[in-house]
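K.L.:
A single structure is presented below for examination.
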């Protein structure tokens, strides 16, 4: 048990880390919660199992199949609960067990219960001894957190419980945002050039994105997202005036009352650079800039697993947002371990299943979800577990790995970048849109006398690969280009003697492939962000990128498509892969061109782009006007 606990703490530290120095930072154990904070109450989220996942999945296929009588007969939350959620008897039975142990219980979702009580009572009920820890240095602004140190037999019967979430409050998730470091900054103005008119890549706004991906024809038809609501699920607060200033600067007239903020579990606190407020800021600016007439709800929660789950639950259960975007995540294996951190009853279920059930409900309600796929290329874990202390592991991000969410990848758009290493001019020409991977900067790093890791280009790129824990969804079956997980993918800490194996990805697993679709997200050809720093005040940041831009951009595009179609699209993956499977993806029809642009150049360090589906760009990039026409032609009766 002691060794297992040591490994568990290493896993949690890795998941919470934002840098190698933070990973190494020690924390003071202040003792049991009731000793360190005698009056503290603990609140956890208890996830129950769906009544019939198979039946829910079958209905999901029906509601997204144009030939089916139930096509687009999306459910309300009440209808979903009545058909597929744990029944009232199950909820009453579990609630009675918890209440008998001295806890209060509130249902907060179709499958979720919020359970709270005195710290000692909560620990006894769930069989966990929880301590308060004090960081020597704050991680993402969190100086104190709680975490379990040992487990015991739960006092409460948990046989019908899927997972207990909330006994560990360390910040586990990172935003998928990248900025170009100083030594890789291109020269502006004279050195960078765009293939199309507008701002140079690296200085893009939503107007440039609209021009490049053919969104403008929708605007010309009066489609600006009216009647749609965009939801942003995030783990940091932001300064709303930044977004309005950005929209005004790009010439958009927006409703001053379009923004709503919902604080989950008390909210994430004040805006801060270390907390990731720039992520939330860009999410709102990008999604709302693409769909200027759409309303926006920001669901902001503390950076904990419980906060993340509760934010999704609120956004899905309220059913107010037609499309949802999230740009935070972590290596999927960390989520796979959550049952060890939050003891349930020895079952193998975990928070990945809780996400699955939430996103299944969202898809059945017609909500279109997007998640950033990560910005560490095909080696997602190596942002939290950097080289050379840890080895390379082909890995993907959660929650982008989930079946019922669209994983957003990133590309690099055509441009010529000019650099001046050691005072000498160097030009890097990108002649065609390609998968985002900074391998094209190898020559620059060589001129700087740095290897790929020291230079900071490896493994930077768009996230993609094969999940080792989420099975391949039915919409990816029979799609050429799908892969299984490779063998030999173990995360090893070489700083220990002997080297310590932290975690493994199963070999040859027929897993979910990601990303699904991509757009420009390379910081070298990226965007400006209007942002108020808590340290430096307001500034306009250039050369910002990451898949965290693409997810909210796709949410904004979906708001436009919803208005065009006169209703919700539902899970976009059904349409994307149907277009690919039927041969309509890359070929025009009538006077319309192809709805998707096949990306066949570049790679993300582990996977190369090629014809058709690939793990670097998914099905490619959208031509939005043509995609709108294809949806009308093939999927709307």
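K.L.:
Given R₀ = 30 Å, FRET efficiency for residue 35-residue 260 by Cβ-Cβ distance, to 0.05?
P.N.:
The value I calculate is 0.15.
K.L.:
Follow-up question, since we're still on this one. Normalising by the residue count of the stretch 258-325, find the relative contact order in percent from Cα pairs under 8 Å and 6+ residues apart.
P.N.:
Result for the stretch 258-325 is 44 percent.
K.L.:
Ranking 285, 425, 34, 317 by Cβ neighbours within 10 Å, fewest first, what do you get?
P.N.:
Ascending Cβ contact count within 10 Å gives the list 425, 34, 317, 285.
K.L.:
Could you work out how much longer the chain between residue 539 and residue 216 gets when fully extended? Use 0.36 nm per residue separation minus the Cα distance between them, nm to one decimal.
P.N.:
Difference between extended and current length: 113.5 nm.
K.L.:
If packing is taken as the average number of other Cβ atoms within 10 Å across a peptide's residues, how do 121-129, 51-59 rank, most packed first?
P.N.:
121-129, 51-59
K.L.:
A follow-up question, please. How would you rank 86-92, 240-246, highest first, on the average number of other Cβ atoms within 10 Å across their residues?
P.N.:
So the peptides 86-92, 240-246, ranked by packing, come out 240-246, 86-92.
K.L.:
May I pose another question? Please give the calculated 222 nm ellipticity per residue for the chain, where each DSSP H segment of at least 4 residues contributes -39500 (n - 2.57) and the sum is spread over every residue; nearest 500 deg cm²/dmol?
P.N.:
The per-residue figure over the chain is -8500 deg cm²/dmol.
K.L.:
Let's test the formula: R0 of 56 Å, r as the Cβ-Cβ distance of residue 100 and residue 500. What FRET efficiency results, to the nearest 0.05?
P.N.:
The computed FRET efficiency comes out at 0.85.
K.L.:
Let me ask something else about it. Report, for the chain, the % of DSSP beta bridges that are antiparallel, rounded to 5.
P.N.:
Here the share of antiparallel DSSP bridges comes out near 65 percent.
K.L.:
Can you compute the label reach from residue 188? Point 7 Å from Cα along the Cβ direction, backbone N cut-off under 19 Å, restricted to the stretch 245-276.
P.N.:
245-251
K.L.:
Neighbour counts of other C-beta atoms within 10 Å: give me 413, 501, 528 arranged from fewest to most.
P.N.:
In increasing order of surrounding Cβ atoms, one gets 501, 528, 413.
K.L.:
While we're on this one: To make sure I understand, if each residue's beta carbon is the centre and we count other beta carbons within 10 Å, what order do 451, 516, 462 fall in, fewest to most?
P.N.:
Lowest to highest Cβ neighbour count: 451, 516, 462.
K.L.:
Hey, what did the stretch 559-637 get for relative contact order, percent, Cα under 8 Å, at least 6 apart?
P.N.:
Relative contact order of the stretch 559-637: 25 percent.
K.L.:
Test of understanding: what is the full-extension gain from residue 87 to residue 71, defined as 0.36 nm times their sequence separation minus their Cα-Cα distance?
P.N.:
Going from the current span to full extension adds 3.2 nm.
K.L.:
Turning to a different aspect of this structure: Can you grab the distance from the C-alpha centre of the stretch 593-637 to the C-alpha centre of the stretch 447-502, Å, no decimals?
P.N.:
Result: 23 Å between the Cα centres.
K.L.:
Among 534-542, 276-284, what's the highest-first ranking by average C-beta atoms within 10 angstrom per residue?
P.N.:
Put in order of decreasing packing, that is 276-284, 534-542.
K.L.:
For the chain, what relative contact order do you get, as a whole percent, if you take Cα pairs closer than 8 Å and at least 6 residues apart?
P.N.:
With pairs under 8 Å counted, the relative contact order is 17 percent.
K.L.:
In a Debye calculation with equal point scatterers on the alpha-carbon sites of the chain and no solvent, what is log10 I(q)/I(0) at q = 0.06 Å⁻¹?
P.N.:
So the normalised log intensities work out to -0.30.
Readers should treat all values here as calculations from the given coordinates under stated rules, not as data from a laboratory. Here the structure is a predicted model, which means the values were calculated and not measured. Neighbour counts run over all protein chains shown; Cβ positions are idealised from the backbone, glycine included.
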